[in-house]
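Accompanying notes for the structure given below.
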Amino acid sequence: AAKDGGRGRLKVFEEAFNTLARDALLIDEALQHAIARNEFHLVYQPIVEARSRKLSKVEALIRWSTPSLGFVGPDRFIPIAEESGLIVEIGCWVLQEATRQARSWADEAAGPICVSVNVSAAQLVDPDFLLLLREFLARSGAAPDELEIELTERVLIDEADTVIRVIDAVNAMGIGVSLDDFGTGYSSLSYLTRFHLQTLKIDRAFVNGIEHSERNLALVRAIIAMGHSLGMKIVAEGVETEEQARMLTELGCEYLQGYLISRPVPAAEIRR
Ligand code: C2E
Ligand code: MG
Ligand code: MG
Ligand code: MG
């Protein structure tokens, strides 16, 4: 019976694995036409100043929906696009759309809103990246301080010298750079000093539960102190409760982002 059980479990595992692998193939294939078929759009999540709760900037987040697969989340399809290299083209579309939106906000009476855009490793080290960035800014007419980019720790590990050069060039254009999902990657702390990053985003895994876990609280306090000592501003991601917001503000975290403030919303809803 034990043997049967083992085989049964193996079968369940195999089926799940096959489904995942098949889905990945379907996603990979559908992604090839996604830009041409206009299947992507961006939503924007507010990032507010912790004390005043005033809108500081918004993060652009990609959404994809196809007739055949329905809605597929970025956590699912971005890694597949990174694997195939298509992320360079998709990321290009995101940058273009985000700069266009930034310009459109700047034209409104209420004034400009800075848009923070996630950039994958392959995109950042692509030889055309800086050229495209300049071109999108010039073409849209958006100002450099209406745009920021977000990188994850993974980006810092591969091809560090190239990455340092690109980050410096991005900074020289007047565009800020954030380190996203901090704490989930592999970068050592000493590594961080090599890169000129203006903002550190604490991953929601640490933010979640600071009100219940002494250890999470200690970790968040240490991350904030470290970021500040490197001259960085801190964004807490995934803030879901008033208690978390209050504690983070007290700890000196400058900005808050999360469902407590707002979910990601269409551009038209950002002013409200
Ligand atoms: P991220 O850059 O860390 O973005 C934050 C994610 O956390 C978003 O998920 C957002 O909807 C979610 N989130 C925000 N507040 C809360 C909260 O209070 N609670 C919870 N549970 N979640 C919250 P989303 O939009 O599904 O994006 C997932 C990831 O996909 C992003 O993580 C980013 O790594 C990637 N991604 C999204 N758009 C792009 C893009 O245009 N380019 C690239 N390269 N990656 C992207
Ligand atoms: Mg991000
Ligand atoms: Mg993040
Ligand atoms: Mg993330």
Signed unit charges on C-beta, dipole axis of the range 219-258, positive-most listed residue Cys253, Gly238, Ala225: Ala225
Cβ charges +1 (Lys, Arg) and -1 (Asp, Glu), total dipole of the range 44-95, debye: 440 debye
Relative contact order of the range 11-115, pairs being alpha-carbon contacts under 8 Å that are 6 or more residues apart, as %: 24 percent
Rounded if a/c under 1.5, otherwise prolate or oblate - the range 65-133, Cα gyration tensor axes: oblate
Share of carbon and sulfur in the accessible heavy-atom surface of the chain [1.4 Å probe, %]: 53 percent
3J(HN,Hα) from dihedral phi, the range 89-104, Karplus parametrisation 6.51/-1.76/1.60, rounded to Hz, x for glycine, proline: 5, 5, x, 5, 4, 4, 4, 5, 5, 5, 5, 4, 5, 4, 5, 5
Where GluC sites (Glu not before Pro) fall in DSSP loop in the range 75-182, at most 10 other Cβ within 10 Å: Glu108
Magnitude of the charge dipole, the range 1-129, Cβ model with Lys/Arg +1 and Asp/Glu -1, debye to 20: 580 debye
Coil-residue trypsin sites (Lys or Arg not before Pro) of the range 17-114, DSSP, other Cβ within 10 Å capped at 12: Arg37, Arg51, Lys54
The range 159-247 shape via C-alpha gyration tensor axes, a/c threshold 1.5: prolate
Area projected by the alpha carbon convex hull of the range 66-214, averaged over all directions, nm²: 11.6 nm²
Taking the chain and dividing mean pair separation by its residue count, relative contact order in percent (alpha carbons under 8 Å, at least six apart): 17 percent
Cα gyration tensor shape of the range 1-80, rounded if a/c is under 1.5, else prolate or oblate by comparing a/b with b/c: oblate
Accessible area per residue in Å² at 1.4 Å probe, computed on the chain: 51 Å²
Rounded FRET efficiency, nearest 0.05, which uses the C-beta distance separating Ala109 from Asp28 and R0 of 41 Å: 0.40
Sequence-separation-based contact order of the range 68-216, relative, with Cα cut under 8 Å and 6+ spacing, percent: 18 percent
Integer Hz, Karplus 6.51/-1.76/1.60 couplings in order for the range 222-235, x for Gly and Pro: 5, 5, 4, 4, 5, x, 4, 5, 9, x, 9, 8, 10, 10
Debye-sum result for the chain in log10 I(q)/I(0), which assumes one identical scatterer on each alpha carbon, at q = 0.09, 0.14 Å⁻¹: -0.46, -1.06
Cα-based Rg of the range 228-272 normalised by 2.2 N^0.38 Å, two decimals: 1.32
Per-residue [θ]222 nm for the chain (sum of -39500 (n - 2.57) over DSSP H runs n ≥ 4, rounded to 500): -15000 deg cm²/dmol
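The values are calculated or read from the model by the stated rules, or taken from the named source; none is laboratory data. The structure displayed is predicted, hence computed values, not measured ones. Every residue, glycine among them, receives a Cβ derived from its backbone with ideal geometry; neighbour counts consider all protein chains shown. Heavy atoms of the whole protein, side chains included, go into the accessibility calculation; ligands, DNA and RNA do not. Shrake-Rupley method; radii C 1.70, N 1.55, O 1.52, S 1.80 Å.
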